[in-house]
Each structure stands twice: as C-alpha cells, then as structure tokens.
Number of protein chains: 2
Amino acid sequence: MIIMNGKLIGIGVGPGDAELLTIKALNVLKNVDVICAPRSADSKPSLALSIVQGFLDERDDNYEILEPLFPMIEDETLLREHWDNAAVLISDKLRQGMDMAFVTLGDPTIYSTFSYVSKRIEDRGFEVEIVPGITSFTGCAATAGISLGEKDEIIVIVPKVDERLERILEYGDTFVVMKTSRHSDTLEKIVHQDSRDKDVISVQNCGLEDEIISNGFIKDKKYLSTTILKFKNEK
Amino acid sequence: MIIMNGKLIGIGVGPGDAELLTIKALNVLKNVDVICAPRSADSKPSLALSIVQGFLDERDDNYEILEPLFPMIEDETLLREHWDNAAVLISDKLRQGMDMAFVTLGDPTIYSTFSYVSKRIEDRGFEVEIVPGITSFTGCAATAGISLGEKDEIIVIVPKVDERLERILEYGDTFVVMKTSRHSDTLEKIVHQDSRDKDVISVQNCGLEDEIISNGFIKDKKYLSTTILKFKNEK
C-alpha cells in the first residue's frame, strides 16, 4: 500500500480573540489529523493553542497534538537546533499521511516562527500551505478605532526599537513598532526628534482579555506591546 | 417610545475568497439590519458585496442593502461630497435603530474608504466598531508561499509608486507596493538603483479566481496588482 504524504498547513489564528479566526482556518482545524502548537517553555501552554482550543473541543473524532519547544532565545545556533528538531517531528507525521495544522499567533507570514519551520519542511519535499490570519497590528488598530493608512500614506512595520527605526522614521507616515515595552524610553527619545505633529497609541496584550489601549508611551513593561505612531503631514 | 441608535460596524471581508472572512465578521453579517456596500460606478456591482453574497443568501430574515456611490476619482472636493452623502444615508438608518455592516475589501484600517465614512459617523455621535479583515498583502504572501518579515526585518507598505518610495527604499527590507500595474516601468527603474540582491514577486487580482502570481515585474496592466520586493541583507 502506498501512503500519500500529508501536508503542512500554517494557520494564522489572529491576535487573541477566537472569533477572529477565518472560516477557512476553522475548517482546517476541524479536519486535520495533527495540530502543531509550539511552546516557548516546557511549563507554558501555547497561546495559539489556547485560542483554538474551544473549536478543537467541539471535534468528536481523534486528533493528535504536537507541542515542539521553541524557546525565546537569541542564540541562532540553538534556535536552529530547535527548528530542525521540530522539522523532524513534523516530517515524521506527514510521512505517515497525516495532515497537520501549525497554529501561529497573528499571521504566518509576519514575524512568525512558522516561516523557519516551513522552509525546512519544503526542503524535505513536502507540500506546505498557508492560511492567512488577522495581524496583531490590524487587530490593534480596529480596537483602537484608528486607521493605519489613508491615501498616499506609507505604513512601516518595525519589529524592534533600534537605530534602523531612527533612520527610517522621517520617510514614513504610520509606524507600527513591536515589542516596545522594554524600550519605551528609547522609543520616546527617537520619536521626539521628529518635529511633525503625531499621535502615539500604545496597545498592551492586544486582543487578549486584559488588553489595554492608551494614548502616549507605555510606562510599564509587559511582554506583548505594540506602539502605533501616526505622523500628521502638512498638506 | 425611545429608539436606541443603531451602530455602524466596519467589516473587512479580506482579499476575495469568502472563506477568508472571520467568524466574527460572519456573525455580524448574519445579524445586522442593513449591509452597506459602496460601489465605484452605478453599473458596477460592489466587489465586497459579491464576496459575502453567499452568506447573505443563507439568511432567512429581512435585511436592507445600501449601495452608496464612491467613484474612483482624485478630485478631493467631489470625493468629500460622496462621503458626506453616504454619511447622511447611513446616519438615517442608524437613527432608526438599525445596525449596519459596512463591507470593505481587505481590512477597514488599511487604505479603506471606510475610514472617511466612519469619521463622519462618529462626528455625528454614533457608535462605530471595526472587525478586522485579512489584508491583501498577507493574502498575497500566503498564496505566494513567502514570508513578509522575519527577525529584525522592516516591512514597508507603499500605496503608490512615486519619489517617496524611492527615498524610503534603502531603509526597509520588504516592500509591499500597491497599484503597481500602471507604473511597472517606473517601479523597475527605482528598484534597480538598489544594489542589494532582491526577489520580486507580482500578484494580480489577489485572492480572486483569476489570481496570477509571478516572479519579476508586471508587464500587463490590470487594476488590482501588488508587487512584493524582498531585499536580502548581507549579514
């Protein structure tokens, strides 16, 4: 008997609210053989998994859950080891003909660990598909009730507060700056050098139950925080 | 009898595939009293409406459809007139206690006409809510099977090919350039000035049935086209 390989499907589960999953994502989650949900620590449950858990609980058939460890570390060599290990575990299931959904916060094409894993799976000759998700920044903008871009405005997504942000600042209109909480003072300093009128909106724990949206820079240091800078052009 | 005002709900319907609506968007569409779907010409049906039509057909209760005209013109004064007119029509329904979903392609916070209308509705004292949608660029990236950003990469969304794109180019890593078809030659010229290695992916009619994804610049001139530029950094 020949077993057809299963495929890997990257699923963006959105910023936190389970209702922000797409209908397509839901259909995949209800039908795949395996759900892969990376955890950042052995003791920590996967946030992406917890978002979709309610839908999985409605399934009355059997499915497996795979929870590879992807620690939040900077060491590239060690990270690669974790991705390689995950790729081995995933390939093993696909080779058995099982289809697998890899759940990831936000969207799989925007700063997601999924991209490192999917490359490895494609290199091994398996089929990979992506189901897009609501990004954290459109989720934040929707909750804050603001638009990110209108007409000719340029939107810039910056994953880190550093000198590259400083250099690009004058060339864009809206900036979505991620992981700002630990660098709030630096961000404030950089932004104040720009003389344009601006709105500063900070969102902590976007899409989660304890979401906080406030004007101005963030003063306490929670992990999930995004700052939206909107510069007003004189026209 | 006091009638409570209805609220306006901006719904991102995503790039074209009806399955890319969120569960939340679907729930709203099945329950509101009015669907507002702007058209660009009297003779043209609304693309956003056609995406959700299948879900509306499943409703067995009554709802209204409002199709204000938002022509694709550059004249600001004339555009404002159309937005003002739409705001009058919408307010009238809200004042009767009707909830209204305003359907818009992609996401309501990213270059959407919804933002101009929602401002006017808020100014009139009505409640406005936003349900985020899958953006055209994450939809394109998912179909093309590429990631838009990894690690420290800066993503830039540019709605127009012009000198501002030229100026910002060296400061970002991934560029999503919209409406590129009519400006493909200019875009090619601008991009070739940058000596970094790059991938160029063009997507036409993203998310629609006749979607085309190709490497390199677009040579024919369809309306809905997006070019993704990925510069490779030496590191």
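Pairs of Cα atoms under 8 Å, at least six residues apart: use those to get the relative contact order of the range A:136-231, whole percent. Averaging sequence separation for qualifying contacts and normalising by length gives 30 percent for the range A:136-231. Take every Cα pair under 8 Å whose residues are at least 6 apart in sequence, average their separation, divide by the length of the range A:1-152, and the relative contact order is 40 percent. Could you work out the mean count of beta carbons from other protein chains within 10 Å of each residue's beta carbon in A:136-142? Average neighbour count from other chains, rounded to a whole number: 6. Starting from the Cα of A:ARG95, step 7 Å along the direction of its Cβ; do the same at B:GLU67; then give the gap between the two resulting points in nm. According to this spin-label approximation, the distance is 5.6 nm. A point 7 Å from Cα along Cα→Cβ stands in for B:ASP162, and the other copies hold the same point at 3.2 nm, listed in rising order. Build a GNM of chain A with springs between Cα atoms under 10 Å apart, and of A:MET98, A:MET178, A:MET72 the one that fluctuates most is A:MET72. Dipole orientation for chain A: of the candidates A:ALA18, A:ILE212, A:PRO68, A:ILE212 has the Cα lying most toward the positive pole (charges on Cβ; Lys, Arg +1; Asp, Glu -1). Sorted shortest first, the distances from the B:ARG59 label point to those of the same residue in the other copies are 3.3 nm; each point sits 7 Å from Cα along Cα-to-Cβ. The local environment of A:ASP99, defined by Cβ-Cβ distances under 15 Å, has a net charge of 0 under the rule Lys, Arg +1 and Asp, Glu -1. Loop-resident GluC sites (Glu not before Pro) (DSSP state other than H, G, I, E or B) in the range B:169-211 with no more than 13 further Cβ atoms inside 10 Å of their Cβ: B:GLU209.
Rounded to the nearest 20 debye, the dipole size of the protein assembly as shown about its Cα centre is 600 debye, using +1 on the Cβ of Lys and Arg and -1 on the Cβ of Asp and Glu. Remark: for residue pairs A:LYS24/A:LYS179; A:LYS219/B:LYS119; B:LYS179/B:LYS230, the C-alpha separation exceeds 19 Å in A:LYS24/A:LYS179; A:LYS219/B:LYS119. Annotation: aspartates and glutamates with alpha-carbon distance below 16 angstrom to B:LYS189 (same-chain offsets under eight excluded): B:ASP162, B:GLU163, B:GLU166, B:GLU170, B:ASP197, B:ASP199. Secondary-structure-derived ellipticity at 222 nm for chain A, considering helices only, amounts to -9000 deg cm²/dmol, per-run term -39500 (n - 2.57) for DSSP H runs with n ≥ 4.
Rule-based calculations on the coordinates, nothing more; no lab input. These numbers were taken from a predicted model, which means no experiment stands behind them. Glycine also receives a Cβ, built like all others from the backbone with ideal geometry; neighbour counts cover every protein chain displayed.
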